[in-house]
Amino acid sequence: MSIKAVDLNFVYGAGTAFEQKALKHVNFEIQDGEFVGLIGHTGSGKSTLIQHLNGLERATSGQILYNGEDIYAEGYDMKGLRSKVGLVFQYPEHQLFEVDVLTDVCFGPKNQGLSPEEAGERAKKALELVGLDESFYAQSPFELSGGQKRRVAIAGVLAMEPEVLILDEPTAGLDPRGRDEILDQIDQLHRDRGMTIILVSHSMEDVARYADRLLVMNHGEKVFDGPPKEVFRHYRELEAIGLAAPQITYLVHDLRERGIDIDEDITTVAEAREAILRLYRQ
């Protein structure tokens with residue numbers, strides 16, 4: 001499985017006085033099983049980009065290739081693509097609408113043409129994957145906590161058995177505990193099932209901790225693409241475009257300036273703790 005963007009351009013309001021270039025000559029390829037963090041300041045093109053990956057938006061020019069096939073080709077199965085490339089929107093709990101959790105998660109599989117029995121099995125499996133057991137099946141989704149609602153919404157996409165899971169700020173508005181629980185569940189899906197994950201986030205700490213690769217957007221252009229440690233070496237350039245490195249990165253650089261011999265590529269608290277303990281033991 002791969003998703004490839006080839007010279008992707010998108011213009012809002014093309015030909016009008018309000019014309020705005022949202023994506024400019026974007027190129028990348030995401031391979032099966034990658035965990036990709038997509039970061040950028042507000043208005044950088046992140047959300048617009050992910051809506052192209054399952055055909056919700058159509059590029060002004062350029063291509064999106066899924067498994068080598070051009071999704072804009074005549075006769076392409078766009079409905080099938082949206083089952084394979086699942087998209088969880090920001091604040092997805094606003095999309096919950098059924099009377100109970102199980103019925104809500106069944107909606108997607110039923111829409112795919114599955115029988116009620118098959119949809120129910122898919123829904124139960126998906127709820128288990130996000131850590132919600134049968135005690136939640138009959139509960140109203142509107143009576144759950146914010147983090148639980150978010151899990152139900154993610155389960156609704158997982159029940160369609162996508163090959164790729166795209167999440168747009170899945171922890172927005174959650175408290176620290178809820179945020180960690182959601183991200184740990186997503187990470188477990190990636191590790192246990194080999195699912196391709198594309199995580200849109202404003203949190204540098206989160207993408208440093210979970211992602212294998214970062215794509216950085218700025219004013220509709222891809223400006224960095226690489227492993228988190230490599231990208232965060234450019235923290236001065238990131239600051240110039242309204243971003244930053246994880247806070248621990250600044251602490252590490254401060255320690256190095258004070259003459260402490262610590263690895264400059266540390267990007268997580270866990271790595272910093274291990275490095276400091278090693279220094280202490282010397």
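Please treat every number below as a calculation from the coordinates, not as lab data. Just so we're clear, the structure is a prediction, and the values are computed from it rather than from any experiment. Counting neighbours? That spans all protein chains shown, and the Cβs are built from the backbone with ideal geometry, glycine included.
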(request) Calculate how steeply helix 146-158 sits against the longest principal axis of the alpha-carbon atoms of the chain, using the helix alpha-carbon long axis, and give the answer as 0 to 90 degrees to the nearest 10. (result) 60 degrees
(request) Taking the dipole about the Cα centre of the chain, with the C-beta of Lys and Arg at +1 and of Asp and Glu at -1, give me whichever of PRO176, PHE35, HIS234 is farthest to the positive side. (result) HIS234
(message) Given a 10 angstrom Cα cut-off, can you work out which residue in VAL252, VAL101, VAL157 is the most mobile in a GNM of the chain?
(response) VAL252
(request) Report the residue, chosen from GLU181, GLU169, GLU271, that carries the largest GNM mean-square fluctuation when the chain is represented by alpha-carbon nodes joined by springs under 10 Å. (result) GLU271
(request) For segment 262-268, just list the computed ³J(HN,Hα) in residue order, Karplus coefficients 6.51, -1.76 and 1.60, θ = phi - 60°, integers in Hz, with x standing in for Gly and Pro. (result) 10, 4, 6, 8, 5, 10, 10
(message) If amide hydrogens are placed 1.01 Å from N in the peptide plane, which non-local residues have theirs closer than 5 Å to the one on GLY33?
(response) THR196
(message) Please list, by residue number, everything in segment 198-229 whose backbone N is under 20 Å from a paramagnetic label point 7 Å out along Cα→Cβ of MET1.
(response) 198-201, 210-215
(request) Could you state the angle between the C-alpha long axis of helix 176-193 and the longest principal axis of the C-alpha atoms of the chain, as a value from 0 to 90 degrees rounded to the nearest 10? (result) 70 degrees
(message) Can you compute the helix-only [θ] at 222 nm over the chain? Use -39500 (n - 2.57) per DSSP H run of at least 4 residues, normalise by all residues, nearest 500 deg cm²/dmol.
(response) -12000 deg cm²/dmol
(message) Can you say what percent of the DSSP beta bridges in segment 2-245, counting only those with both residues inside, are antiparallel? Round to 5.
(response) 55 percent
(request) Have a look at PHE224, PHE97, PHE35 and tell me which one the Gaussian network model of the chain (Cα, springs below 10 Å) gives the largest fluctuation. (result) PHE97
(message) Can you classify segment 60-212 as rounded, prolate or oblate using the Cα gyration tensor, where a ≥ b ≥ c are the square roots of its eigenvalues, rounded means a/c under 1.5, and otherwise it's prolate if a/b beats b/c and oblate if not?
(response) oblate
(request) Apply the Karplus parameterisation 6.51 cos²θ - 1.76 cosθ + 1.60, with θ equal to phi minus 60°, to every residue of segment 15-22 and state each ³J(HN,Hα) to the nearest whole Hz, in sequence, with x for glycine and proline. (result) x, 10, 5, 9, 4, 9, 7, 8
(request) Report the net charge of residues surrounding ASN9, where surrounding means a beta-carbon distance below 10 angstrom and charges are Lys +1, Arg +1, Asp -1, Glu -1. (result) +1
(request) Would you grab the residues whose amide H sits under 5 Å from the one on ASN218? Only those 5+ places off in sequence or on another chain, please, with H modelled 1.01 Å from N. (result) VAL223
(message) For the chain, take every pair of Cα atoms, bin their distances at 5 Å starting from 0, and report each bin as a whole percent.
(response) 1, 5, 11, 15, 16, 15, 13, 10, 7, 4, 2, 1, 0, 0
(request) Quick one: what are the phi-derived ³J(HN,Hα) couplings along segment 270-280, Karplus 6.51/-1.76/1.60 with θ = phi - 60°, whole Hz, x for glycine and proline? (result) 4, 5, 5, 4, 5, 5, 5, 5, 5, 5, 5
(request) With +1 on each Lys and Arg Cβ and -1 on each Asp and Glu Cβ, and nothing else charged, work out how big the dipole of the chain is about its Cα centre, in Debye to the nearest 20. (result) 360 debye
(request) May I ask which residue of LEU158, PHE136, LEU114 lies farthest towards the positive end of the charge dipole of the chain, with charges of +1 (Lys, Arg) and -1 (Asp, Glu) on Cβ and the Cα centre as origin? (result) LEU158
(request) Within the set of other residues whose C-beta is less than 11 Å from the C-beta of HIS190, count the net charge using Lys and Arg as +1 and Asp and Glu as -1. (result) -3
(request) Report the net charge of residues surrounding MET78, where surrounding means a beta-carbon distance below 14 angstrom and charges are Lys +1, Arg +1, Asp -1, Glu -1. (result) -1
